[in-house]
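Working notes for the structure below.
The values are calculated or read from the model by the stated rules, or taken from the named source; none is laboratory data. Predicted model only: the values in this text are computed from it and were never measured. With ideal geometry, Cβ positions are generated from the backbone for all residues, glycine too; neighbour counts draw on all protein chains shown. The accessibility values were calculated without ligands, DNA or RNA, using every heavy atom of the protein model including side chains. Shrake-Rupley method; radii C 1.70, N 1.55, O 1.52, S 1.80 Å.
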Amino acid sequence: MTELFFTVINLSIQAGWLVLAIVLLRLLLRRAPRWIFVLLWGMVGLRLAVPFSVESAWSLIPSAETISSSVLHMDVPQIRTGLPIVNQTVNPVIGEALAPAVGASANPVQVLTAVLSWIWMAGTLGMLLYLGISWGKLSHRLRTAVRLQDSVYQSERIRSPFVFGFLHPRIILPFSLSERDRPFVIAHEESHIRRGDPWIKMAAFLLLSVYWFHPLIWLAYFLLCRDIELACDERVIRGLDREGRAGYSQALLSCGAVHRGNPVCPVAFGEFSVRKRVKAVLRYRKPLLWVTALAVVAVAFTAVCFLTTPQIRPTMEWAQNLSADDIVSAELIVMPQETEKQYRVFDEREFAGIAALINGSHGRYVAEPENLAGGSILFHITTSDGTEHTVSNMGNTYLYIDGDTFSADYGWLSSWDAPYGEGNAPLPEQAHGYIF
């Protein structure tokens, strides 16, 4: 369950960035048709439901794996948010609080992960239990519903109209609904059925049950439900004249006045901000073609940038997962530096610090780096499998790992200077081959 928990955590973080992007797009594309926003929220569902993604150089997700399962075995645990300032702020605190004590029988990270995993599972089961109980109670209340026409039923035990069911959805109307409002309500609910909104809302709640701990996923669920209603309103009123829209607005007001909320799955006519929906109906104008085209382009751009993850080269993956136990020997070469301070051989007690530093490796791959005249801080590391590795800070501008160059932030690279800015011996002849 631990691996599943880490997968859920990382997917929720990736989806969180997408939610923020969509919230911004909702503000920028206010004149776009609402079905565009429902499509965007579908991308959030896709990100949450699919445990893998395509790597892309266009990805704007800072990190594909913010919390790796390898943290369970790190000598100095840390996260990789892809945001250097966050890493530099959070990781020292995590390292100090959760680093395993020498000789301790329990690893604090492993204990904390186990506890959080069970809390997450309990929360998910609680959400699903709530769904089942709500659905069962509503089904029981609708046993006395009587057919009005086709798939339209009336019940004295509900206060507002909604769609109930999936394979054979029924439109449920209260007996108190006036004949004047009835055609508008039925048209709205039939639109929900044609659009597949009951299925969308059920799928969204199931995902919310898994990712209940993330506040942005709750925000996404709430906004999805609102956009579903607004999109359905738009679909119905497209074919209405001014008088018809006024009647539709009156039906909204009538149903909204008595609406107290339905269980999480049915889609209800009076749901969500009736005042806002009435204003949208009365002010509705058919979206201009260029606005719709721009919105479609925005959807495609968002998919490319937020449904993909940054490309991770094998060298970077190795660096981020290096353990002190993997290191057999480690040497330091600093250039330029005084002759007596160009080289150093580390002992085993220092391997943990070196591994922790290299675990913080990050940056975007640079195929053709600029030539630098600055200095370098270079680690030559031999691992237990006999492989030799080179990790170097090039002028506080580039990170070099086994032939690959990455553009890393200056703040993190310059932090190498204090602990590793000088050696304690002259550079021996055999070490010249490590310099490039």
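A residue that is within 22 Å of residue 84 (Cα to Cα) and assigned to a strand (DSSP E or B) occurs nowhere in the range 425-433.
When the residues of the range 277-326 are filtered to those that are touching a residue at least 24 places away in the same chain (Cβ under 8 Å) and charged (D, E, K, R), the one that is surrounded by the fewest Cβ atoms within 10 Å (Cβ to Cβ) is 286. The set of residues from the range 314-343 being aliphatic (A, V, I, L, M), touching a Phe, Trp or Tyr at 6+ places or on another chain (Cβ under 8 Å) and either closer than 24 Å to residue 375 by Cα or assigned to a strand (DSSP E or B) (or both) comprises 316, 327, 330, 332, 333, 334.
Criterion applied to 119, 158 was being part of a helix (DSSP H, G or I) and among the β-branched types (Val, Ile, Thr), and the one residue passing it is 119. Annotation note: Cβ proximity below 7 Å between a residue of the range 1-26 that is under 11 Å from residue 47 (Cα atoms) and a residue that is in a helix (DSSP H, G or I) and of a type in the set (Gly, Ala, Ser) (sequence gap 6+ or interchain) occurs for 19/220. Residues that are among the acidic types (Asp, Glu) and assigned to a helix (DSSP H, G or I) were ranked within the range 193-245; the one that is surrounded by the most Cβ atoms within 10 Å (Cβ to Cβ) is 229. Summed over the range 150-176, the residues that are farther than 20 Å from residue 137 by Cβ and buried (at least 20 other Cβ atoms within 10 Å of the Cβ) give a count of 0.
Give the number of residues within the range 358-394 that are in contact with a strand residue (DSSP E or B) (Cβ under 9 Å, 6 or more places away or on another chain) and at pLDDT below 90. Total meeting the criteria: 13. Taken residue by residue, the range 331-354 has at least one member that is among the hydroxyl-bearing types (Ser, Thr, Tyr) and loosely packed, with under 15 Cβ neighbours inside 10 Å.
Return a yes/no flag: does the range 49-67 have any residue that is assigned to a helix (DSSP H, G or I), in contact (Cβ under 8 Å) with a residue 24 or more places away in the chain and open to solvent by less than 50 Å² (accessible area, probe 1.4 Å). No, every residue in the range 49-67 fails to be assigned to a helix (DSSP H, G or I), in contact (Cβ under 8 Å) with a residue 24 or more places away in the chain and open to solvent by less than 50 Å² (accessible area, probe 1.4 Å). Step by step: first the residues of the range 68-86, then only those that are open to solvent by 30 Å² or more (accessible area, probe 1.4 Å) and farther than 20 Å from residue 117 by Cβ, then the one that is modelled with the highest pLDDT. Which residue is that? Ranking the qualifying residues of the range 68-86, first place goes to 86. Farther than 23 Å from residue 75 by Cβ and not charged (D, E, K, R): does that describe residue 420? No; evaluated as a whole, the condition is false for this residue. Taking the range 10-44 as the range and being of a type in the set (Val, Ile, Thr) and either surrounded by fewer than 20 Cβ atoms within 10 Å (Cβ to Cβ) or farther than 27 Å from residue 122 by Cβ (or both) as the test, the residues that pass are 22, 23, 36, 38.
Look at (1) touching a strand residue (DSSP E or B) at 6+ places or on another chain (Cβ under 9 Å); (2) farther than 29 Å from residue 24 by Cβ; (3) touching a residue at least 24 places away in the same chain (Cβ under 8 Å); (4) not in a strand (DSSP E or B) and you find that residue 190 fails only one, number (3).
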